[in-house]
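This report refers to the structure that appears directly beneath it.
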Amino acid sequence: QVQLVESGGGLVQAGGSLRLSCVASGRTFSSLSMGWFRQAPGKEREFVAHIGWLDGYTRYADSVKGRFTISRDNPKNTVYLQMDVLKPEDTAVYYCAVRLGSAIASMSSYSNWGQGTQVTVSS
């Protein structure tokens, strides 16, 4: 069983940057495809970014493309989400998860959710 722990959230002004981290334990991390999702108050959890385990394939939601970058450090069992040019609409709890299914942007493809880290962007 894989356990995931997110960190790195906080309060930042619009236009600023944050880097989120997600550390995995309990299984060989290098064989896991990983994703980041977020959930704003009163809204459904939505896909943010994905990185594949085999070729490092990345995919982003249109709303973050060009501003966010997902990466991974296999020896450290960690996946990162670098968030630049943050906007107030990026305010949400950010979660990482392991992708087990084929639909990259679908919550139903993911498991082993972390507890989340809060990101708040002030205007």
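Every number here is computed from the coordinates shown, using simple stated rules; none is lab data. Just so it is clear, the structure is predicted and the values come from calculations on it, not from any experiment. So basically every Cβ, Gly included, is an ideal-geometry build from the backbone, and we count neighbours across all protein chains shown.
Segment 59-94 and segment 100-118 have Cα centres spaced 14 Å apart.
Explain nothing, just the number: relative contact order of the chain, from Cα pairs under 8 Å at least 6 residues apart, as a whole percent. It comes to 35 percent, rounded to a whole number. Scanning residues 5 or more positions from R72 or on other chains, those with amide H under 5 Å from its amide H are Y80, with H placed 1.01 Å from N in the peptide plane.
Across the chain the C-alpha pair distances fall into 10 Å bins from zero in the proportions 15, 50, 30, 5, 0 percent. Rounded to the nearest 20 debye, the dipole size of segment 46-106 about its Cα centre is 140 debye, using +1 on the Cβ of Lys and Arg and -1 on the Cβ of Asp and Glu. Ranking A49, Y110, G15 by how far each Cα lies toward the positive end of the dipole of the chain (charges on Cβ) leaves Y110 at the top. The label-point distance for S111 and R59, in a model that sets each label 7 Å from Cα toward Cβ, rounds to 1.9 nm. Were the residues from K87 through Q1 laid out at 0.36 nm apart, the gain over their Cα-Cα distance would be 27.5 nm. Taking θ as phi - 60° and the Karplus parameters 6.51, -1.76 and 1.60, the scalar couplings of segment 25-33 work out to 9, x, 7, 4, 5, 5, 9, 10, 7 Hz in sequence order, x denoting glycine and proline.
The dipole here belongs to segment 1-77: it is taken about the Cα centre, uses +1 on the Cβ of Lys and Arg and -1 on the Cβ of Asp and Glu, and is about 60 debye.
Here's how it looks for R59: its modeled amide H is under 5 Å from those of H50, which are all 5 or more places away or on a different chain. Given R0 = 35 Å, the distance between the Cβ atoms of R27 and T120 translates into a calculated FRET efficiency of 0.65.
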